[in-house]
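Remarks on the structure that follows.
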Amino acid sequence: MSKVAKAKGSAVSTFDTQGHRGARGLLPENTVPAMLKALELGVATLEMDAHISQDKQVLLSHDPFINPAHELTPSGEAIPKQDAERYVLYQMPYDQIKQFDVGSKFYAKFPQQQLQKAHKPLLAEVIDSVQQYISDHGLPQVYYNIETKSSPSGDGIYHPEPEELIDLLLAVIEEKKVSPYVIIQSFDPRTLQVLHVKYPEIKTALLVENMNGLKKNIESLGFTPTIYSPYHKLVSPALLKEAQSQGMRVIPWTVNDLEEMKRLKKLGVDGLISDYPNLFGEL
């Protein structure tokens with residue numbers, strides 16, 4: 001996987017191992033340490049989530065606000081439940097967001113997570129750190145699977161409208177010269193539709209958790225994405241056959257059980273997204 005596949009729209013040519021939010025089960029999610037851990041474990045692709053700050057910076061975060069479940073105030077204090085959605089990223093400049101500690105609080109959902117002080121990084125910082133790590137360790141080039149966290153109800157509140165969001169995101173990707181290694185994924189078809197029109201060379205992945213079926217989902221999107229990425233329990237032999245026959249790769253999310261990983265790989269999926277990239281070594 002040291003070379004990017006030449007065919008337009010193609011993604012990783014072999015089985016695609018993706019570290020979800022870096023290595024969420026092992027280190028604080030969507031942080032530089034989590035991404036570097038995933039690299040150390042040999043993933044082919046780093047999966048991450050992108051948000052936009054008030055001053056139009058592209059940063060990594062799953063939630064549109066500072067999440068009290070596993071993030072602390074700049075002074076290291078827990079955020080009260082009544083303030084659960086007080087710190088909205090799109091309403092804060094990045095310099096303020098960066099002060100919050102997103103790695104020191106115990107997160108019950110991921111008890112194996114190694115706690116360490118960490119911040120929400122800029123996408124540019126992540127790319128610089130990853131590319132430097134790859135160079136220093138003589139590793140093959142990895143892919144960046146970046147999710148746009150958007151929805152119609154969040155426009156102007158949690159994020160800009162789709163076209164501005166995509167333009168801001170692609171400005172960073174193009175500045176860092178990693179376009180051939182980037183996949184943009186989303187549950188929000190609008191951002192993928194903007195990409196398809198304005199940046200057709202960028203690979204796309206449609207995230208799916210609904211029961212509408214492949215045909216309806218692709219019709220709603222309006223074009224065939226590079227990757228069809230369903231919740232892992234939605235994967236069936238029929239879905240695989242239909243999607244792959246249309247030239248899409250099928251990469252389910254988020255699979256954290258080794259036996260389920262083995263079952264899906266045997267079924268013929270093209271890759272897996274997991275919070276525990278250490279499990280890929282056992283496949």
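No value in this document is a laboratory result; all are computed from the given coordinates. As the structure is a prediction and not an experimental result, all values here were calculated from the model. Note: ideal-geometry Cβ built from the backbone for every residue, glycine included; neighbour counts use all protein chains shown.
Summary of computed values
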{"quantity": "Nonlocal amide H pairs with K149, under 5 Å, H built at 1.01 Å", "calculated": "A50"}
{"quantity": "Nearest-ten-degree value, helix 258-267 long axis tilted from longest Cα axis of the chain", "calculated": "30"}
{"quantity": "Under the Debye formula (equal points on every Cα, no solvent term), log10 I(q)/I(0) of the stretch 16-282 at q = 0.07, 0.11, 0.17 Å⁻¹", "calculated": "-0.23, -0.59, -1.45"}
{"quantity": "Residue-averaged 222 nm ellipticity for the chain, from DSSP H runs of 4+ at -39500 (n - 2.57), nearest 500", "calculated": "-8000 deg cm²/dmol"}
{"quantity": "Cα-centre dipole for the chain with unit charges at Cβ (Lys and Arg positive, Asp and Glu negative), debye to 20", "calculated": "840"}
{"quantity": "Relative exposure of S104, S229, S186, judged by other C-beta atoms within 10 Å (fewest first)", "calculated": "S104, S186, S229"}
{"quantity": "In degrees, nearest ten, helix 189-198 long axis to first principal axis of the chain (Cα)", "calculated": "70"}
{"quantity": "Mean-position separation - Cα centroids, the stretch 103-153 and the stretch 12-91, in angstrom", "calculated": "6"}
{"quantity": "Sorted by Cβ density within 10 Å, fewest first, the residues F100, F110", "calculated": "F110, F100"}
{"quantity": "Ranked by how many other beta carbons lie within 10 Å on average, peptides 136-145, 122-131 from highest", "calculated": "122-131, 136-145"}
{"quantity": "Neighbour-count order for Y228, Y276, fewest beta carbons within 10 angstrom listed first", "calculated": "Y276, Y228"}
{"quantity": "Residues whose placed amide H lies under 5 Å from that of D16, excluding near-sequence neighbours", "calculated": "G271, L272"}
{"quantity": "Percent of beta bridges antiparallel (DSSP, the chain, rounded to nearest 5)", "calculated": "20"}
{"quantity": "From phi via Karplus (6.51, -1.76, 1.60), per-residue ³J(HN,Hα) for the stretch 22-34 in Hz, x at Gly/Pro", "calculated": "x, 8, 4, x, 10, 9, x, 4, 6, 10, 4, x, 5"}
